[in-house]
Structure formats: C-alpha cells, structure tokens
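The values are calculated or read from the model by the stated rules, or taken from the named source; none is laboratory data. Given the structure is predicted, the values throughout are model-derived calculations rather than measurements. Every residue, glycine among them, receives a Cβ derived from its backbone with ideal geometry; neighbour counts consider all protein chains shown.
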Amino acid sequence: MNGILTVARLEFRLRIRAGRWRWLVGAWFLVLLGVTLLVRSAADQENLVGDLEEQRTLGAAMFGVVMLVVLALALLVTPALAAQSVNGDRERGTLATLQVTRLSAAEIALGKLLASWGTALVFLGVTLPLALWCYLEGGLSVLRIAGVYLVTALLLGIVCAISLALSTLLARTTTSAVLAYLTVFALTVGTLVTFGLVTASVQTEATVRNDGYGGSYEITVPRPDKTWFLLAPNPFAVLADSAPAAPVRTIELPNGDTIEEPLSVDVLGSMSRELHRIRAAPRYHDTEYGTQFAVPDGVTGGPVWPLGLGVNLLLAAGAIWVTIVRLRTPTRKLARGQRIA
Amino acid sequence: MTAAQAGVTARGIRRSFGPVHAVQGIDLDVPLGQVTALVGPNGAGKTTAMLVLATLLVPDAGEVRVAGFDPITQAGEVRARMGWAPDVFGMYDTLTCREYLETMAAAYRIPTGQRTDRARHLLELARLPDKAEQPVHSLSRGQKQRLGLVRALVHDPAVLLLDEPASGLDPRSRVELRDLLRRLAGEGRAVLVSSHILSDLEEVADRVVFVDGGRTVGQHAIGDMPQARTARTYRLRGLDPAALQAELEKRGVGWATAGHAGIDVQVLGGEESAARLLAELVAADVRVTAFAPVGGSLEATYLDLVEGQR
C-alpha cells in the first residue's frame, strides 16, 4: 500500500508541475459553467416546465444534461491522462530505475492508475459546485447526485485502467494514445452503432390480426430485447440507467386513481426508461382491436446498467492485470523496439 | 572464491533478442571490496549482461548470483542489496534533487523518518548539497550523472552495477568518480563498472573483465595483464625536436608528429623494446624529456584482444 502511494505521489507531483493545470482546470470549469447556464435558460421556458410551482424542479432537468456533457468531456480528457504513462516512462528512461527498487509491479501499476484516476477526479470534482446549483434549483435528491457522481467516477477509472494497459502494450506513446481514444470511441459510438445495425438485422416475423381492417397480416418486428446487451456497456447508458430515481410527485386523477410522475423533464430518467423498454420482449396479446405482437403497455425489462457496468469493470480488471504482467521484471520478452532502461 | 566474498558471480550468461545474439557466454566475477571493470567494444553485450544482473532481464541460459541470490527467482532479495545505474537514464525533471532522492528512498522502503537524512547524505556525496532544492532539470549533465550514481546508493547496497558512469563527466568529475568508486569498494562493496574511458578504469579497477562479441575473452587482475603483442604508441619529447627526429630516422623508427605534444613512435615487442629504444636515444646524447606510452596498458590489452578477434 505504501508503495502504491509512493508511486502515486510521484506521478501526481510530476503531472501537476508538468503542464498548465490551473489553466486547463479553469477552462474546463468555465466551459461547463457555460453549459449549465445554457441548459438552465433552455429548461426555464414555460412550454417545457408548465407552471410556476414547477420551476423549483428545474434542477433535475439541468443536472441530467450537465452530467451527460461532463461525462462526454471527461471521456475526452481521461485517455490523455494514462495512455502515455508506461511507454512514456520507458522513452524517458525512468521506468527501469523504478523497477529495480523494491516496488513490486503491482505497486507501480496501481500507483500509476491511482495518479491518473485521481487527476480525472480533480476534473470531476471541479464540477461539484454546478451539481450544487442544480440541487438548489430543486427536483433532485442528494442520493441521485451522489449516485451519478459515483458511477461517473467509476467510468473514468475504467477508462484510466484501459489506457494504462495500452501504454504498457505499445512501445510508442502516440500509438497508445490513439488506441485509447479509439477504445473510448468504441465504447460510446461503437456500441450504439453496433446495437443499431445488429438490431436492424435481427427481426422476427409475426402474424397479427386487426379486426378493424378485417383480417390477419404479417409484420416484421425489431427485437432489441435480443440485442440490448450490445448497448449496455455504453458509458452514457450506464450512467443514465444507474442513476437513483429522481423524486416523483403523486398526482390524483379526477377518477380517484393516483399516478406517479417525474417532477420535471429529466433526460437521464428518459434514457433509463427507454433502455428498460428495449429490454422487454414483444409478445402476442389481445387488445380491443385484435391480436398484437408488441411490448404490452406498462411492461418493461429490467435495468441495463448492472450488465453494462459489470462488463466495463471486467475490462478494467483485465486491463489492470495486463498492466501488472507487463511491468513485471525480470522480463523474458521485449516488445519490438522497446528499450528496457 | 566463496559465495560470501563474491558480490556477483555469473557463468555462461546467454541472451538473444530475436536473431541478435547479444550475449553468448559471459562469465563474470565481481568480488566484494574491489572495483571490477567490464571492458569491451560497443555491442559486446555489456549492457545486456548488466540488465541480467540488475534483475531486469531473464537470460536464455546461465547461472547468476548477485549478493548471494538469484536475480531471476529471488529478484526482491537481490534488489534490496544491489544498486544499478544504467548508461542512459532519465530523471524526473521537475522534482528537486532532494525530492528525487527521497522518492527513491521511499521506493526502497526506507522508513519515512530516515529519508531526509539519507537524501542529505547522498547529496553531499554527489557534491550537490546546495542543489537540494533545485529542480533536476537545472543540473548540468555531469551533475545529473552524479545524482544518478548516488541514487543507486540510496539503500546502501553491497553490490553496485554502473553502466558507463563516466560518460558526460568533465575531467575533474572523472577524478572524483574514481575516488568515489575506490571509497565505495573500500567500504567492502562489490563494484562493477563498464566504461569506454579505459585510462580512467585502469586507475580505479582492481580487476578487468574483457568481453567481445557477447563473450568473456579474459578476466585479469589489473596487476598481471598480458603484455601487448602488437605495436604500441609511445610519445616522446626532447629538448631539441630536430635532433630527436634525426636520431629516430637513423634507427629506422617510424615517427609522426603529435604537434606540441611531441612525437609519436610505434614500438613493437613490448616494454623490452621500448626500454631499449630509450637507452639508445639517451646513449646517442638525445636529451629526452618525456617517453611514455600513449594510453594505458588496459587500452593496449584491450586493443590487442579486439584486434585478435578480427
């Protein structure tokens, strides 16, 4: 543990002194402040948020959009924090002198991970005042904010671990950085495109009956319930779906029934509901018009995020394992063009 | 040599990198309390052999003990007792010298309370005490080299492996390095030094191990090195250079001017012929003020070995 902290402290110090961090973090905060302001003025329109009383629930609407932007930007920053860690040290000739000390490969690997993750968390932490602002606007619970931040932090740690592993596998820092960005691209855009294309080609035929038009006919129905797992590892899906439920209000209908309704427009909640919906399998059921093959109203599949986060955590665990193995000395194999010292 | 006296023993180290046979049979003994020089041309396998000793590289074959432990299966034990300074190394430029050494002390698991003292002591050893709070990038090349050397001493190792420690050092620093190495050996450490600057090695080393083409071609105590078989250059100076040249020409000894430094002649047949030439010149009334071999005997033996291989 001490060894991990020794490496992490060293790396953290070097990072802080190397770049113009104050400017970078400052610019990062200003951009997100601007985003929050824009989102607030967009959400604060009467046609979006009904009556005056509901304006106090603006926070949930703001928070969802802001956190998606935070995640998107953080996913752009994070690979840069770890993707040149090991091969960069090799290039500078500082790795081997660390490896011959009493630090174990695991301590070096975890120390480097901790340092890059810690830096990513600094960027995330800077956005907390914006979350507080959203909270003060109403419609948010502390649990929801904490949950979203926790999952975002985990997702950034996962990206750090994968980037770090790439920096041990590839000799050149530019190659590993490019591959780290491609990995993030695969997780975000790749999962979405794959899901879309595979779902479009996995359709089932069903015979339905519509009494109004008089008779049965064949339809083809997309089956996202068979392909949803392709979308599950998407960081945005994980973030939206894992967020603790937004506070709801109970509305009493004129007939005496009550329904629960989200307090305001909430993009995370909408994404989550959509994800649950695609997990539900369509089935034959009778309606007043005839027999349909569809997902019955009110039926949803389970949450998507446990699988998604699980897959991501497994990837990270594998990446950490690779990093440790690649840092182990004495070594038998050298990658082509790799210098040991 | 028993294990207790031996800092390093290596028998038959072999290591290939793909088609390149970097090391094809290096034998090496580095006794405690002595400075052993590892000498050979570029590409002879010196650095690769050092990497094996430094617990960084698994050899394809060979029996190796460093401080009594196997660097492959007992790397941790070896690391606790071995210091290594590579030929090319980087430093954490933005750290101060003190931070750098304290970080290394932490990496060697030296207790927190002792790290500051240790760093101060090492900075004094490196003659950099006033640079303690300066960032490493502000150091000159020679100062960095010294800092890198004392870094290898952070944990007070019994075995010291130094790959080309003299490269980049000015003459004064080289003399200091020599004194430091002697002192470290005097404290009972086993010191292995590779270098190209043979004249320096000759003055500091107790033993010399010659490697060429990935093999050990000879291990000698510095006192009983084989005499050079090939011609050796001697540099002569006389009060009257013209008379000296004339006398040399009379004897059919080829000479070449070395500018203000004097006249260089090639002497075949070892020190015996050199002594005879000097006696003849003196007998012929040439007033000789300097008559000395160019380069040390180490260099001569080394060149001899390298020539012999070709």
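Restricted to the range B:183-227, and to residues there that are part of a helix (DSSP H, G or I) and charged (D, E, K, R), the residue that is surrounded by the most Cβ atoms within 10 Å (Cβ to Cβ) is B:ASP200. The range A:1-110 holds helices (runs of 4 or more DSSP H) entirely within its bounds, and those carrying 2 or more residues that are closer than 30 Å to B:LEU161 by Cα, within 14 Å of chain B (Cβ to nearest Cβ) and within 27 Å of the chain's Cα centre (by Cα) map to A:2-18, A:85-92. Restricting B:GLU133, B:GLU124 to those that are out of contact with any strand residue (DSSP E or B) (no Cβ under 9 Å at 6 or more places or on another chain) and among the acidic types (Asp, Glu) reduces the list to B:GLU124. Considering (1) exposed (fewer than 15 other Cβ atoms within 10 Å of the Cβ); (2) under 30 Å from A:GLU107 (Cα atoms), the lone condition that A:THR323 does not fulfil carries the number (1).
Let's see how each residue does on (1) within 11 Å of another protein chain (Cβ to nearest Cβ); (2) touching a Cys at 6+ places or on another chain (Cβ under 7 Å):
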position	(1), (2)
B:THR73	yes, no
B:GLU99	yes, no
B:GLN134	no, yes
B:GLN143	no, no
B:ASP163	yes, no
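Restricting attention to the range B:73-82, does a residue exist that is modelled with pLDDT under 95, crowded, with 19+ Cβ neighbours inside 10 Å and part of a strand (DSSP E or B)? No, there is no match, as no residue in the range B:73-82 is modelled with pLDDT under 95, crowded, with 19+ Cβ neighbours inside 10 Å and part of a strand (DSSP E or B). Exactly one residue among B:LEU122, B:LEU180, B:LEU149, B:LEU161 is assigned to a helix (DSSP H, G or I) and at pLDDT 95 or above, and that residue is B:LEU122.
Quick check on B:GLY269: is it free of Cβ contacts under 8 Å to residues at least 24 places away in the same chain, over 30 Å from B:THR48 (Cα atoms) and not acidic (Asp, Glu)?
Considered against the rule, which asks whether it is free of Cβ contacts under 8 Å to residues at least 24 places away in the same chain, over 30 Å from B:THR48 (Cα atoms) and not acidic (Asp, Glu), B:GLY269 comes out as yes.
No other residue among B:GLY62, B:GLY43 is surrounded by 18 or more Cβ atoms within 10 Å (Cβ to Cβ), out of contact with any Leu (no Cβ under 9 Å at 6 or more places or on another chain), more than 16 Å from B:GLY7 (Cα to Cα) and more than 8 Å from every other protein chain (Cβ to nearest Cβ) apart from B:GLY62. Against the test of being outside the structural domain of B:GLU202 (by TED's automatic domain parsing), surrounded by 12 or more Cβ atoms within 10 Å (Cβ to Cβ) and assigned to a helix (DSSP H, G or I), the options B:VAL282, B:VAL286, B:VAL265, B:VAL253 yield a single qualifying residue, B:VAL282. Restricting attention to the range A:133-161, the residues being in contact (Cβ under 8 Å) with a residue 24 or more places away in the chain and within 14 Å of the chain's Cα centre (by Cα) number 13.
Only one of B:ALA119, B:ALA49, B:ALA126 is touching a residue at least 60 places away in the same chain (Cβ under 8 Å) and more than 10 Å from every other protein chain (Cβ to nearest Cβ); which? Walk me through it before giving the result.
On the way: B:ALA119 fails: touching a residue at least 60 places away in the same chain (Cβ under 8 Å); B:ALA126 fails: touching a residue at least 60 places away in the same chain (Cβ under 8 Å).
None of the other options fit; the residue is B:ALA49.
Residue-wise test of (1) under 17 Å from B:VAL191 (Cα atoms); (2) touching a Ser or Thr at 6+ places or on another chain (Cβ under 9 Å); (3) away from every other protein chain (no Cβ under 14 Å).
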| residue | (1), (2), (3) |
| --- | --- |
| B:PHE17 | no, yes, no |
| B:HIS21 | no, no, yes |
| B:ASP27 | yes, yes, yes |
| B:LEU57 | no, yes, no |
| B:MET82 | yes, yes, no |
| B:THR103 | no, yes, no |
| B:ARG109 | no, yes, no |
| B:THR112 | no, no, no |
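Identify, please: which residue in the range B:89-108 is part of a loop (DSSP other than H, G, I, E, B) and touching a residue at least 24 places away in the same chain (Cβ under 8 Å) and is, among those, farthest from B:LYS131 (Cα to Cα)? Looking at the filtered set, the residue picked out is B:TYR108.
Whether any residue in the range A:314-331 is under 28 Å from A:ARG223 (Cα atoms), assigned by TED's automatic domain parsing to the domain that holds A:TRP117 and modelled with pLDDT of 95 or more is what I want to check.
Within the range A:314-331, one or more residues are under 28 Å from A:ARG223 (Cα atoms), assigned by TED's automatic domain parsing to the domain that holds A:TRP117 and modelled with pLDDT of 95 or more.
Quick check: is even one residue across the range A:189-206 free of Cβ contacts under 8 Å to residues at least 40 places away in the same chain and touching an Asp or Glu at 6+ places or on another chain (Cβ under 7 Å)? Scanning the range A:189-206 turns up at least one residue that is free of Cβ contacts under 8 Å to residues at least 40 places away in the same chain and touching an Asp or Glu at 6+ places or on another chain (Cβ under 7 Å).
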